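Visitor: Quick one: structure below, then a few questions.
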Amino acid sequence: MAELPITEPTETTIEEPDGSLEAVAEADSFEALAAVAGRYPECLTAWAALGEAALDDDRTVEAYAYFRVGYHRGLDRIRRAGWRGSGRVPWAHEPNRGFLRSLRGLGAAAAAIGEDEEATRCAEFFAQLAPDA
């Protein structure tokens, strides 16, 4: 029996804008993170960091919004990179982590506001995409 070629990649990786990860690492306040997100709106790591900072500060609805931005921008980005609804987005590839942190954070924020179905969906999706996390 002939084997069918697999056209979908088993792993999808994305990149962050040049200089953005360094800018996030240097940000020493919430305001500085917001400035990074404003300068690099495509930087998923900046959106995840804003969500995490807001969640740590008990600003749950704000955190939910930041995580949702990172999640949706990241979903668009992994689709452009070839992801077609299955396959892994490995945690080991550092530029993937902004999207994955946004997905995980969205689940945490959803749980905090009582969106249990969304929290469960996010947890399952995270486990599917990044079992190496």
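Visitor: Do we have Gly85 as open to solvent by 10 Å² or more (accessible area, probe 1.4 Å), at pLDDT below 95 and out of contact with any helix residue (DSSP H, G or I) (no Cβ under 6 Å at 6 or more places or on another chain) here?
Guide: Numbers: open to solvent by 10 Å² or more (accessible area, probe 1.4 Å): yes; at pLDDT below 95: yes; out of contact with any helix residue (DSSP H, G or I) (no Cβ under 6 Å at 6 or more places or on another chain): yes.
Against the criterion (open to solvent by 10 Å² or more (accessible area, probe 1.4 Å), at pLDDT below 95 and out of contact with any helix residue (DSSP H, G or I) (no Cβ under 6 Å at 6 or more places or on another chain)), Gly85 qualifies.
Visitor: Next question, about the same structure. Give the residue that is surrounded by the most Cβ atoms within 10 Å (Cβ to Cβ), with candidates limited to residues of segment 16-37 that are of a type outside the set (Ser, Thr, Tyr) and in a loop (DSSP other than H, G, I, E, B). Can you show your working first?
Guide: Filtering segment 16-37 down to residues of a type outside the set (Ser, Thr, Tyr) leaves 16-19, 21-28, 30-37.
If we keep only those that are in a loop (DSSP other than H, G, I, E, B) too, we end up with 16-19, 27-28.
Numbers: Glu16: 23, Pro17: 16, Asp18: 8, Gly19: 12, Ala27: 19, Asp28: 8.
Ranking the qualifying residues of segment 16-37, first place goes to Glu16.
Visitor: Among the residues of segment 102-122, which ones are assigned to a helix (DSSP H, G or I) and either open to solvent by less than 50 Å² (accessible area, probe 1.4 Å) or among the β-branched types (Val, Ile, Thr) (or both)?
Guide: Correct list: Ser102, Leu103, Gly105, Leu106, Gly107, Ala108, Ala109, Ala110, Glu118, Ala119, Thr120, Cys122.
Visitor: Kindly provide the set of residues from segment 50-95 that are assigned to a loop (DSSP other than H, G, I, E, B) and under 21 Å from Gly19 (Cβ atoms), ordered by number. Walk me through it before giving the result.
Guide: As a first pass, look at segment 50-95 and keep what is assigned to a loop (DSSP other than H, G, I, E, B): 57-59, 81-87, 89-93.
Listed by number, the residues that qualify are Ala81, His93.
Visitor: Considering only segment 55-73, how many residues are β-branched (Val, Ile, Thr) and open to solvent by less than 90 Å² (accessible area, probe 1.4 Å)? Steps first, please.
Guide: Here is the first cut: in segment 55-73, the ones β-branched (Val, Ile, Thr) are 60-61, 69.
Right, trim to open to solvent by less than 90 Å² (accessible area, probe 1.4 Å) and you get 60, 69.
The qualifying residues number 2.
The values are calculated or read from the model by the stated rules, or taken from the named source; none is laboratory data. None of these values were measured; they are calculated from a predicted model. Neighbour counts run over all protein chains shown; Cβ positions are idealised from the backbone, glycine included. When the accessible area is computed, the model is the full protein with side chains, heavy atoms only, and any ligands, DNA or RNA have been set aside. Shrake-Rupley method; radii C 1.70, N 1.55, O 1.52, S 1.80 Å.
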